[in-house]
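Contents: one structure, followed by commentary.
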Amino acid sequence: MTRSGPILLAIESSCDDTSVAVLDGFHVLANVVHSQVIHEQYGGVVPELASRAHTEAILPTVKAALRRAAKQFQDLDGIAVTQGPGLLGSLLVGHSFAKSLALSLEIPYVNVDHMEAHMLAHFLYEPGIQDKPIPGFPYLCLTVSGGHTQLVQVNDWNDFHVLGETQDDAVGEAFDKAAKLLSLSYPGGPEIDRLAQGGESVFHFSQPQMPDLQFSYSGLKTSILRSMQKEVKEHPQSLDTQLADWCASIQVALITPLLEGLSQAAELVGIQRIALAGGVSANSYLRSQVQKMADAKDWELYLPPFSYTTDNAAMVGAAGQFAWSASRFAEMKDAAQPKRVVHA
Ligand code: KG4
Ligand code: ZN
């Protein structure tokens with residue numbers, strides 16, 4: 001694998017972030033993320049509004065990324081773009097834009113699966129950093145985002161084996177729903193994380209019994225709601241006066257099954273090289289607990305830099321560089337796919 005190579009423009013538009021990056025090999029020259037604020041007032045992503053906002057943001061974001069990277073359209077060797085999974089309307093904006101640009105510049109483009117991109121973000125070199133440890137294959141990746149909760153054995157850049165996953169809601173979704181119950185702003189995960197710093201886990205919720213390596217988050221929301229209702233009956237101001245404790249308790253309840261699953265998976269497959277990926281991997285409690293486990297179990301641990309945890313185009317560029325080096329170029333007839341991308 002080379003650390004400098006083709007200059008790729010990478011585009012990510014699967015949900016509510018319009019992001020564009022420029023990479024020289026695995027070196028990130030620019031990574032611009034335009035987050036859509038319009039959804040805050042609705043407490044969740046409104047698909048129709050998201051695609052409209054992508055349409056408005058895509059060209060300015062492309063121009064900003066090129067400017068920051070000190071590159072021009074003519075300098076680009078190719079384009080990497082998220083093909084799926086995600087919201088179809090959102091994906092279509094980035095994907096159609098990438099195809100049109102590739103056509104007009106007469107350069108190839110490559111399709112990238114959003115979740116694979118999250119897991120391959122570990123190969124990125126941040127601006128100014130020349131050397132850093134990168135994982136060898138295989139590694140075990142806990143992939144946790146607003147749409148996914150998976151334990152994945154990453155055998156190679158194009159070989160992902162899902163060992164276990166959620167049977168209903170994703171953990172990020174559970175963070176966001178719980179935050180809504182506490183009247184916190186969207187997305188709720190970072191808010192709960194921030195407020196939990198000043199609290200203690202004093203409230204307890206019933207956890208579902210799941211088979212090894214499987215997760216379930218849909219019931220927890222109801223359990224959290226019931227606990228709140230019960231507590232408020234006895235202490236009407238509890239949600240205000242003990243907000244930090246509620247956040248800390250919710251955070252521990254949502255993260256604990258992930259820690260248990262990760263530990264079981266590592267033992268089961270005998271892999272000591274562990275990585276985290278996805279938006280929820282920004283969570284400070286998850287990171288500190290996994291670091292403790294890694295120290296105790298002698299794991300080789302890879303925590304993504306914060307800028308590459310939530311949705312960003314640099315990670316799409318990393319997956320794109322791998323695809324490029326294997327000449328896995330896309331065709332003009334390829335379309336955006338709301339479900340997981342399966343490469344031929
Ligand atoms: O990967 P991502 O940006 O988008 C998806 O592909 O879904 O993940 C977004 C999710 C949201 O649910 C958000 O609340 C959660 O990641 N998140 C966090 C934190 N930062 C983002 N959850 C807990 N703690 C955080 N610090
Ligand atoms: Zn994501």
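Observations on the structure shown:
- Scanning region 204-239 for residues that are touching a residue at least 60 places away in the same chain (Cβ under 8 Å) and either loosely packed, with under 14 Cβ neighbours inside 10 Å or not hydrophobic (A, V, I, L, M, F, W, C) (or both) returns a single hit, TYR217.
- Matching residues in region 240-254 - criterion: being surrounded by fewer than 24 Cβ atoms within 10 Å (Cβ to Cβ) and in a helix (DSSP H, G or I): ASP240, THR241, LEU243, ALA244, ASP245, ALA248, SER249, VAL252, ALA253
- Of all residues in region 172-194, those satisfying the criterion of being small (Gly, Ala, Ser) and away from ligand 2 (no atom under 14 Å from the Cβ) are ALA174, ALA178, ALA179, SER183, SER185, GLY188.
The rows are residues; the columns are (1) part of a loop (DSSP other than H, G, I, E, B); (2) touching a residue at least 12 places away in the same chain (Cβ under 8 Å); (3) touching a Gly at 6+ places or on another chain (Cβ under 6 Å).
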residue: LEU276; (1), (2), (3): no, yes, no
residue: LYS292; (1), (2), (3): no, no, no
residue: MET315; (1), (2), (3): no, yes, no
residue: ALA318; (1), (2), (3): no, yes, no
residue: SER327; (1), (2), (3): yes, no, no
residue: MET332; (1), (2), (3): yes, yes, no
residue: GLN337; (1), (2), (3): yes, yes, yes
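Yes/no matrix, rows are residues, columns are (1) away from ligand 1 (no atom under 15 Å from the Cβ); (2) in contact (Cβ under 8 Å) with a residue 60 or more places away in the chain:
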| residue | (1), (2) |
| --- | --- |
| ASP113 | no, yes |
| LEU140 | yes, yes |
| HIS148 | no, yes |
| HIS161 | yes, no |
| ALA178 | no, yes |
| SER185 | no, yes |
| LEU195 | no, no |
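- Within region 272-293, being surrounded by fewer than 20 Cβ atoms within 10 Å (Cβ to Cβ) and either among the hydrophobic types (A, V, I, L, M, F, W, C) or in contact with an Asp or Glu (Cβ under 8 Å, 6 or more places away or on another chain) (or both) holds for GLN272, ARG273, SER284, TYR285, MET293.
- Restricting attention to region 164-191, the residues that are over 20 Å from GLU40 (Cβ atoms), surrounded by fewer than 19 Cβ atoms within 10 Å (Cβ to Cβ) and not polar (S, T, N, Q) total 2.
- Hits in region 192-203 (condition: small (Gly, Ala, Ser) and surrounded by fewer than 17 Cβ atoms within 10 Å (Cβ to Cβ)): GLY198
Read-outs: derived from the displayed coordinates by stated rules, not from any lab. Owing to the predicted nature of the structure, the values given are computational and were not obtained by experimental measurement. Glycine also receives a Cβ, built like all others from the backbone with ideal geometry; neighbour counts cover every protein chain displayed.
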